[in-house]
1. Under 18 Å from a point placed 7 Å out from the Cα of A30 along the Cα-to-Cβ direction: which residues of the range 411-442 have their backbone N that close?
2. Where the centroid of each part is defined by its Cα atoms, how far is the range 45-85 from the range 569-589 in Å?
3. Enumerate the amide H contacts of I193 below 5 Å, restricted to partners 5 or more residues apart or on another chain; note that Pro and chain-start residues carry no placed amide H.
4. Applying 1/(1 + (r/R0)^6) with R0 = 60 Å to the Cβ-Cβ distance of L624 and F310, what FRET efficiency is obtained, to the nearest 0.05?
5. Just name one of F143, N104, G91: the one whose Cα is farthest towards the positive end of the charge dipole of the range 68-154 (beta-carbon charges, Lys/Arg +1, Asp/Glu -1).
6. Find the all-direction average of the projected area of the Cα convex hull for the range 572-677, expressing the result in square nanometres with one decimal place.
7. With each pseudo-label sitting 7 Å past Cα toward Cβ, what's the E570-A408 distance in nm, one decimal?
8. Using the Cα gyration tensor of the chain, with a ≥ b ≥ c the square roots of its eigenvalues, what is the shape: rounded (a/c below 1.5), prolate (a/b larger than b/c) or oblate (neither)?
Amino acid sequence: MARHSAFILYPVLFLGILAAQPVQLVDFDAVRAAGDPASFLHTVPSTVSPEEITCDILIAGAGSGGFAAAIRAADRGHSVCLTEESDWIGGQTTAGGVSALDENRFIEFAGGTRTYYQLRNGIRQYYRRRFALSPAAAALQNFNPGSCYVSQLCFEPKAGLAAHQGLMAPYAQKIKLLLRSRVFKLDVAGDTITSALVYHFNQRTVTRIRTRFVLDATETGDLLPVAGVPYSVGSEPASDTGEPHAAAEPNPACVQSFTYPFAIDVRPGENHRIAKPAQYERFRDSQPFSLRINYSVDYGWRGAFQYKMFGDDPPVPNNMSPGPFFPWRRLLAAKNFTGPTAPSDLALINWPRQDYHDESLLDRTPLDTARILHQAKRVSMAFLYWLQTDLPRDDGKGNGYPELRLRADVMGTGDGLSKVPYIRESRRILPKGTRVIEQDIVAAYQPGPRARWFDDSVGTAFYMVDIHPCGANERGRMMMPRPFQIPMSTLLPRKLRNFLPAGKNLGVTHLTNGAFRLHPVEWNVGEAADVIASLSLSKGSLPPVVDVQWELAKAGVPLVWFDDLRVDHEAFAAIHFAAIRRIYPVNNHDLHASPEAPITRAEAAAALAAYFNVATTDPIQLALHRGWMAVDHRNWFHPDLPFYWTDLREDKFPKPIPPRAFSRTGPVTRAEFALRLAAQPR
């Protein structure tokens, strides 16, 4: 099937779902670096009367976004059908092999949702329960099993899988998990999806799911063409987005490269060199394979840097690369464990030079997709062979490290590569409203401590605009953003009232996708999508933003960027709900919530104006003119002094505020102020 020539697509029925035509699907789990790509295809049987099941919410894809959406939906009392093509839940954290989490510099304090922190805690507990930690590791609250350079938390995929399973266990009666299954058709009546057809790869059977709402959390936005939802693919032109670094022309082929990660350990004195892969020389030279990375001076960076293979050199500040290659994404560090069951060093290999960039997977025929996956696996196997055979050794004694052993058991696959590829870029909806562009989040255009403020925020995120280039004349790019928000408008498609994106397929651009595609961001998107869906089901229509924000804040989802407000703080929900309504002080010079600091009289005056929804450029004069706050006997307001509840003249308010439930009149802390004024959702 030909590629679309325009970057904006208005699909009707893709993936071969046409009358009287057989439907072919790629079995991602079956793809190998050897064999005929056609052998990885399944032809869906023409089932006259498939088995039927029902659920409130159907979620396609059990990766970060889909999994988070599923447990949030179940927690809210909904029945869920959760499909997943792999036999592992967890997406890029597990089946995708990226178990070195891409997070943010504040993650140990802020920047994730409550359930995301439960996942991180579950991963750490996995090792604390199963191994004896070294005294140094055991003493660390933020224990990192791999002591890697690239992340605050590196671990084996199976540890991530166990943590996901532990989180899902309490909801076993609410979530029907359909592993090795894919949604391939949606039945639509007007603007409503009524049911879906799901193919089960192992049984080679079809099930019809009758559902009230559908969330697409697949890695590539597979349901967007099936649902007929307008979407974009590849890079948009600057004429469309207005982004300074967008391409001059639309290019649907320009989709970020993807990767098959693998894990290795070191067996000194042993030879574990794999057989030479087919087309090795071509891959070696065209990628090209190297441990040299050019951190472009054009962007003000350090220039070319040659990584060495081993060592424990201290990394640059904030625990970021460059450091030696092997510990860069090390999943287990032997120094962290002790006793007879202590594991040896284990490293994840997910390196830019092994990315597959020649072709995009999006909107291809099933056979093309299988062929591209096949080639991508060959590239990763060739990179492993290069490490074992041709990489110049640190000690200067020839080339190659044959002692590097491919650990197939780590990825749970026969060939040792991840079960599914690590997908960086998806199809993306064209939203009804806001589409986040480069200027909204990149630091060069946002002078304050935070990125552009979105009143309809349903979450927060922070990661570089990190573009792994496609093979269509694109350079890699990294731009540093400010900590940014996820607008609800980016989750609202232009068609269908009971369908939402729940992963990296939200309404962002090719460039900003590079900052929205990471583990905690997709997780947050999934939780937000579910709350919108849940409230839509209960209300019968799209819920007001304020209702969504209230429910998310109560569930431990941050709405505004604060670096010092933990998800377990008693005032977390009140502060975030108050802050997004501008009732809570948010300054323009740092990210601090300072919940235990006194709120000033000036801040209280500004909060009252926002609470009563009165527009003003001088909240102090407003509060005085309307008699909301008192002055002293000299008629002074004292804007910088701590605020007391007795400063208020509540009989002059346009409406009552919630009653005071505190034993002190003051000084009133910011948290106390938020707890009182945000005690009601409106």
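1. Under cut-off, by backbone N: 413-415, 419-421.
2. 34
3. Correct list: R497, N498.
4. 0.30
5. F143
6. On the way: hull surface 27.0 nm².
Orientation-averaged projected area of the Cα hull: 6.8 nm².
7. 5.6
8. Because a/c hits 1.5 or more and a/b exceeds b/c, the chain counts as prolate.
No lab work stands behind these numbers, since they all come straight from the coordinates. Bear in mind that the values here come from a model prediction, so they are computed numbers and not experimental data. Virtual Cβ from ideal backbone geometry, glycine too; neighbours counted across all protein chains shown.
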